[in-house]
Amino acid sequence: MRIFQVITVSEFGGAQSVVANLVQGLNDDDEVFILYGGNGEAWKPLTRKVNLIKICEHRKEVSWKDMFLVFKLLRLRLKYKPDVVHLHSSKMGAIGRIVFNPKTIVYSVHGFDSIRKAFRKFLIVERLLKNRAAKIVGVSQYDVDCLREEGISHNVELVYNGVADHKADDTASLEDSSLKRKIEDIRGKYSKVIMCVSRISAQKKFDLFLDIAKEKSEYAFIWIGNKEIINDLPSNVFCLGETHSAYIYFRYADVFILPSNYEGLPISLLEALSFGIPVVASDVGGIGEVLDGKNGFAVENNVLSFTSKIDYVLDDSRNQVMRLNARDSYLKNFTIDKMVKGYTSIFKAIYNKGKRS
């Protein structure tokens with residue numbers, strides 16, 4: 001099969017991780033292209049042969065410049081004649097469904113609430129283009145249900161995100177020495193480390209993270225993923241900036257938390273589980289489908305809900321069991337193999353139907 005993976009931006013993030021992990025797991029006989037915007041850092045770890053084509057600069061917003069993008073994609077369609085076109089992000093999902101043959105299109109919705117709650121004006125676009133895809137994929141049952149509530153249902157399927165298993169890797173050799181020293185110094189001063197790996201944006205509730213930290217001042221709260229230096233933090237809060245392969249540092253965490261206004265199925269949460277780290281996260285998007293009280297908790301967005309479950313998870317009588325459950329839930333449900341099987345079955349069905357027609 002000749003497969004296009006098409007995504008708006010290529011800096012490290014959830015959707016980009018899905019693309020990279022999926023590409024790695026596809027059959028070696030498949031000819032894979034990644035059409036992307038931005039600088040392409042997310043593709044640097046790839047080890048298989050992939051055709052990388054930069055189609056635009058990093059630009060999430062819609063503008064008149066997207067007319068050039070439309071023509072560029074159309075030219076690539078005519079030149080390479082892909083068997084399957086896999087679209088990621090709402091912007092590329094819209095442009096791609098206009099440009100490419102709908103019978104070849106798979107459109108992954110990486111968190112439908114980003115449209116329903118944050119950018120509701122784009123709902124009309126989703127409804128207008130709902131039939132211009134062979135398959136629309138929700139990354140959680142929550143997303144599938146939300147799509148159906150908006151009248152998008154007949155071609156919708158669920159495929160959970162999956163992440164690579166790095167627990168047995170020699171992650172210490174990959175660590176940034178400066179960042180490692182900072183975290184080890186923090187661990188030396190506090191009995192427990194509560195960690196969050198995420199960018200800081202309107203979607204993420206960084207203010208709630210700070211309020212939780214103030215309430216649990218006996219623990220260190222580490223945030224990895226902030227672009228800017230943040231001043232005037234509580235003494236037990238440490239924002240350590242961006243880093244490649246942030247999952248490396250989960251081995252220093254006792255609990256992973258993720259306060260958020262909306263989500264699809266967060267990659268960082270699944271990575272924490274893969275390292276056997278229990279999770280306390282906002283009960284939004286597909287998070288409640290992952291956390292079952294044995295591997296962690298999906299909670300309301302308030303300080304008490306988070307702090308009470310953090311205390312529960314850290315209790316010595318149950319912590320080790322929860323760690324084992326976290327790891328086990330990852331192995332059963334959220335491996336790359338499971339995600340690849342889900343998408344491969346969709347791709348093959350589209351390819352075989354195209355060959356018969």
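Each value in this text was obtained by applying a stated rule to the coordinates, not by laboratory testing. Nothing here was measured: the structure is a model prediction, and the numbers come from that model. Neighbour counts run over all protein chains shown; Cβ positions are idealised from the backbone, glycine included.
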Segment K180-N131, length gained on full extension (0.36 nm per residue, minus Cα span): 12.7 nm
Measure of compaction for region 103-254 (Cα Rg per 2.2 N^0.38 Å): 1.34
Förster radius 25 Å - calculated FRET efficiency between I98 and K121 (Cβ-Cβ, nearest 0.05): 0.90
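If the only charges are +1 at each Lys and Arg Cβ and -1 at each Asp and Glu Cβ, what is the size of the charge dipole of region 171-333 around the Cα centre, to the nearest 20 debye?
Charge dipole of region 171-333: 340 debye, to the nearest 20.
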Whether region 171-333 is rounded, prolate or oblate, judged on the alpha carbon gyration tensor where a/c under 1.5 counts as rounded: rounded
Dipole-positive endmost among S201, G225, F100 within the chain (Cβ charges, Cα centre): F100
Virtual spin-label span in nm between K338 and D292, 7 Å along Cα→Cβ: 1.0
FRET E, pair D170, L46, Förster distance 22 Å, beta-carbon r, rounded to 0.05: 0.65
Extension gain from D328 to Y80, taking 0.36 nm per residue of separation minus the Cα-Cα distance: 85.1 nm
Rounded FRET efficiency, nearest 0.05, which uses the C-beta distance separating R187 from D311 and R0 of 22 Å: 0.70
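Which links in K72/K348; K54/K103; K49/K227; K103/K338; K91/K180 stretch past 28 Å when you go from one Cα to the other?
K49/K227; K91/K180
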Highest-MSF residue in the chain out of F238, F119, F275 [GNM, Cα springs under 10 Å]: F119
Stretch gain in nm, segment S217-S201, where the contour uses 0.36 nm per residue and the Cα spacing is subtracted: 3.4 nm
Rounded, prolate or oblate (a/c below 1.5 giving rounded, otherwise prolate when a/b exceeds b/c) for the chain by Cα gyration tensor: prolate
Prolate/oblate/rounded label for region 1-142 (Cα gyration tensor, a/c 1.5): rounded
